[in-house]
Structure formats: structure tokens, C-alpha cells
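Student: If you scroll down you'll find the structure; I have some questions about it.
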Amino acid sequence: MTNDETKRKKRKLRWQIKLLMLVIGIILYSFFIGTKGIFVKEYKITTNKIESGMHGLKILQFSDLHYGSSVNNKTVKDLVIKINETKPDIVIFTGDLIDERHKLTLDEKEFIISNLNDINAELGKYYVTGEEDFEEATSILNLSGFVNLNTSEQLVYLKSSSPIVLMGKDSLKTYFELNKENPFFKILAIHNPNDINAYKNYDIDLAISGHTHGGGINIPKLKELLIDGDYTKNYQKVNETKLFINPGIGTSKINARLFNHPTIYLYRINKTSS
């Protein structure tokens, strides 16, 4: 074997080792770092449909807790602390509280209820259900002081005579049947963003959802392939409705996240000057 062939083999081996180390590093990051921490992402929503007393209203959304996946008691406690640090006026949970792979113990149930009760929101805590939310999950949320938006819409006032309207997909149609036209700012909370397709022609100002987990891997193009549905971006407009998709807190099927840390959304509703 010539010296040149030996050098080529060594270079090839070095690149193979580097590639292997990179792959191992990405896997370790995804399982042990990517699922940790809770980030807050803030959005400013401007509208002329609220009165000046409502200006600056803060709505906190968290989604897809999937307790029992990458989420444990410490995560829940950290989440509540992070939510309360934002001092929200309203808190909305958009589904999938307990991971379907996890059998919840009585102690865990009591722990979750105790901590979710500690979430402070002057104008209320609300929820809609996901595909993994069965009787146990709704019971926990109800006992934690959350109100089910699927059951009925909620009118929320803050230093104003005009409310904002909070709805789930089951209460939306009933609300619009009784209120065909009104000037109020309307928020639709759904779990699966694809559900917005059924409500494209309704006068909804803001829709918030979860379900997709941001594809698990936040890499352009690849992320879009991993999301099963019509909506793959964190934000998009659907007709005149602003649709936001929260990447959630927990994981599903595989307890890993890549460049896609657990995140909660904080919406600031501001009145336009005009």
C-alpha cells in the first residue's frame, strides 16, 4: 500500500469518526438537553376590537404537557413557576395533559392538581381537550380550577364594558348562532390546528392550538415532513384568523426534542391607536 493510499484511508476514517460523534452528540442532545427547560415566547396582537381598558391584556397558553413522557413532577413545578412569573391575566391549556403511555398514580394526580391550582390568573384559567384527554384528565383540570371552553364560551372583561370572547370548537357554533354579528374580539382555543379548517368562514380573530409538538425536530423542511396536517409553522394566517401553534411541553412516542425546547406562549393583546 502506497503512502497516498494510507493517507486517504486515514482521512476517510477521521471523517467517519467525526460523523459518528456528531450523530451520537445529536442523539444525546435530543434526549437529555432538548427536552429540558421551559422557554417563553411572546407575541403582540393588535386589534381595534377592544377598549382602552383591555389594552395590554396578557394571555398565557401552554399545551401538550404529556405528563409521564419527558415531563415529571419537577417539570410541572417549574412550569407553574414560569407561568406565574409572566403574571398572566388569563391562562389557557390546549390539550393532552397525561401521556397515553403513562398510568397515573393517585400521588401523581394529587401533585398535578395541587400545582395547577397554584397557577395565578386574575381573569380565569381555561382549557380544551386533546385526543389523549379522557375522564381522568378533565377531572384533574376541573379540580385545578380550569374551565372547559368546549362546554360553553366565556366572556371576559377587564376595565371595559366590552368583553373578549373565549371559545372551544364545541361552543363556537352555538355562540355564533346566538350572536351572528358583534364587534367583540374572539379567541378560539383548539388542540389540533387542522380543526381550524371547519371554521375558516367564522369571524375569529385569534386561534391558538398545540398537538404538533413542532414536529419534534425544528429543522426547516424536515420539520414540515414530520407534521401530519395542513399547518406546520408556529404562526400563519387562515383567511382573517391569526393561527398560532404551540410546540408544547412534553413529548409523544419518543422522549426527544431537537432545537425545539418546551415552550409556552404569552400573547399581549394591544389596542391599535386608530
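Student: Given labels modelled 7 Å from the Cα in the Cβ direction, how far is it in nm from GLU177 to LEU155?
Tutor: My value for the distance between the label points is 1.9 nm.
Student: Over the chain, calculate the relative contact order: mean separation of alpha carbon pairs under 8 Å at least 6 apart, over the residue count, as a percent.
Tutor: The normalised contact order for the chain reaches 29 percent.
Student: Extension gain GLU135-MET21, at 0.36 nm per residue separation less the Cα-Cα distance, in nm?
Tutor: 36.5 nm
Student: Toward the positive end of the charge dipole of the chain, about the Cα centre and with charges on Cβ (Lys, Arg +1; Asp, Glu -1), which of VAL91, SER161, GLY216 goes farthest?
Tutor: Checked the options; the winner is GLY216.
Student: Per DSSP H run of n ≥ 4, the term is -39500 (n - 2.57); total these for the chain, divide by its residue number, and report the mean residue ellipticity at 222 nm rounded to 500 deg cm²/dmol.
Tutor: That calculation yields -9000 deg cm²/dmol at 222 nm.
Student: What would the Debye formula give as log10 I(q)/I(0) at q = 0.13, 0.14 Å⁻¹ for the alpha-carbon point model of the chain, no solvent?
Tutor: Treating every Cα as an identical point scatterer, log10 I(q)/I(0) equals -0.84, -0.97.
Student: Which pairs break 30 Å Cα to Cα here: LYS18/LYS233; LYS18/LYS103; LYS44/LYS169?
Tutor: Cα-Cα > 30 Å for LYS18/LYS233; LYS18/LYS103; rest within.
Student: Here's a follow-up. Mind ranking 76-86, 50-60, 151-161 by how tightly packed they are, going by the mean number of other C-beta atoms within 10 angstrom, highest first?
Tutor: 50-60, 76-86, 151-161
Student: Roughly what % antiparallel, to the nearest 5, for the DSSP beta bridges in the chain?
Tutor: Within the chain, antiparallel bridges account for around 30 percent of the total.
Student: Among the listed pairs LYS36/LYS200; LYS58/LYS253; LYS125/LYS242, give every one whose C-alpha distance is greater than 29 Å.
Tutor: Checking Cα-Cα distances, LYS36/LYS200; LYS58/LYS253 exceed 29 Å.
Student: In debye, nearest 20, what is the charge dipole magnitude of the stretch 38-271 about its Cα centre with +1 on Lys and Arg Cβ and -1 on Asp and Glu Cβ, if you could check?
Tutor: Magnitude of the dipole: close to 920 debye.
Coordinate-derived values only; no laboratory data. This is a predicted model, so every value here is computed, not measured. Note: ideal-geometry Cβ built from the backbone for every residue, glycine included; neighbour counts use all protein chains shown.
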